[in-house]
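Structure first, then comments.
The values are calculated or read from the model by the stated rules, or taken from the named source; none is laboratory data. Being a predicted model, the structure only gives us computed values, none of them experimental. In this analysis, Cβ positions are derived from the backbone assuming ideal geometry, glycine residues included, and neighbour counts consider all displayed protein chains. Just the protein is used for accessible areas: all its heavy atoms, side chains included, with ligands, DNA and RNA removed. Shrake-Rupley method; radii C 1.70, N 1.55, O 1.52, S 1.80 Å.
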Amino acid sequence: MAEYFALQGRRVRLEPLQRALVAAAAVDPSLYQWSLVPQGKDAVTRYVDTAIAWRDAGTAFPFAIVRPADGSVIGSTRFWNIERWSWPVGHPQHGRSGPDVCEIGYTWLTASAVRTAVNTEAKLLMLTHAFDAWQMCGVNLHTDARNQQSRVAMERMGAQLDGVLRAHRMASDYTPRDSARYSIIAAEWPDVKARLERLRDKYD
């Protein structure tokens, strides 16, 4: 059965993605040179339906990013590539209920939320849930290797570059893209959390 929960922060609330997002969000394509983002009602409908299907299958948990002040939907993000490892009998982790590793991605924001604290706080909320609630071993993030702005943002919060995966995913121009792979492991989480809190607080 799919899991449902919301994550509440100071400036954003992450709510389980629903089809209501179709009518609520419009993305400026000029903001996302390196990412595939849905354009138009039909594309957003397909995007949301796919995300919900992945949630029902237990491999993803997609969120709508909501501004609490007015209830506006200002973007979307998700946990995905969720893995549950088969810990052997007798291992201390055997029988644990939470997932072991995942990826955070499929993140996009409306124009009003870009270059604000929204993405920083969304990452803080999700990583806190991943490491403190789910007790994950690690979280991965990928970006187009050419997306220098995204790579700088990942490194600023303390994510470590694992390497570049060649022809890893389809790029926004529908060519095979190289992906820069970053990760955060449980031992690094306290430092990453402190960094994200400092970055968030700069907007106060």
Inset, instruction - Using the Cα centre as the reference, give the magnitude of the dipole from point charges on the C-beta atoms of the stretch 125-204 (Lys, Arg: +1; Asp, Glu: -1; all else neutral), rounded to the nearest 20 debye. - result: 200
Legend entry - Between 0 and 90°, nearest 10: helix 118-128 axis offset from the chain longest Cα axis: 20
Inset, instruction - Compute the long axis of helix 40-57 from its Cα atoms, compare it with the longest principal axis of the Cα atoms of the chain, and write down the angle in degrees, 0 to 90, nearest 10. - result: 10
Legend entry - Sites residue 172 and residue 133 - FRET efficiency at Förster radius 41 Å, r taken between beta-carbons, to 0.05: 0.80
Inset, instruction - Rounded to the nearest 500, what is the 222 nm mean residue ellipticity of the chain from helices alone, with -39500 (n - 2.57) per DSSP H run of 4+ residues and division by all residues? - result: -8000 deg cm²/dmol
Inset, instruction - At 1.4 Å probe size, with no ligands or nucleic acids counted, give the accessible surface of residue 150 in Å², nearest ten. - result: 30
Legend entry - All lysines inside 24 Å of residue 193 as judged from Cα atoms, apart from same-chain residues fewer than 8 positions distant: 123, 202
Inset, instruction - Quick one: among 110, 175, 120, which has the greatest mean-square fluctuation in a GNM of the chain with alpha-carbon springs under 10 angstrom? - result: 175
Inset, instruction - Under 13 Å from the Cβ of residue 104, count the other residues' Cβ atoms, weight Lys and Arg +1, Asp and Glu -1, and hand me the total. - result: +2
Inset, instruction - Have a look at the DSSP beta bridges in the chain and tell me what percent are antiparallel, nearest 5. - result: 90
Inset, instruction - Please give the net charge around residue 182, taking every other residue with its beta carbon less than 9 angstrom from that of residue 182, where Lys and Arg add +1 and Asp and Glu add -1. - result: 0
Legend entry - Net charge of Cβ neighbours under 15 Å - reference residue 4; Lys, Arg +1; Asp, Glu -1: +1
Inset, instruction - Pop out the ³J(HN,Hα) list for the stretch 59-71 in order, Karplus 6.51 cos²θ - 1.76 cosθ + 1.60 with θ = phi - 60°, rounded to Hz; leave Gly and Pro as x. - result: 9, 8, 9, x, 10, 8, 8, 10, 8, x, 4, 9, x
Legend entry - Pairwise FRET efficiency - residue 93 versus residue 149, Cβ, R0 = 25 Å, nearest 0.05: 0.10
Inset, instruction - State, as an integer percentage, the relative contact order of the stretch 66-163 based on alpha-carbon contacts under 8 Å between residues 6 or more apart. - result: 25
Inset, instruction - Pick out which of 95, 163, 71 has the largest mean-square fluctuation in a Gaussian network model of the chain, springs linking Cα atoms closer than 10 Å. - result: 95
Inset, instruction - Using Cα pairs closer than 8 Å and at least 6 residues apart in sequence, work out the relative contact order for the chain, in percent. - result: 18
Legend entry - 0 to 90° range, to nearest 10: angle between helix 189-201 axis and the chain longest Cα axis: 30
Inset, instruction - Taking all protein chains together and a probe of 1.4 Å, list 4, 106, 182, 174 from the most accessible to the least accessible. - result: 174, 4, 106, 182
Inset, instruction - Quick one: which residues, 5 or more positions from residue 61 or on another chain, have an amide H under 5 Å from its amide H? H modelled 1.01 Å from N in the peptide plane, none for Pro or chain starts. - result: 79, 80
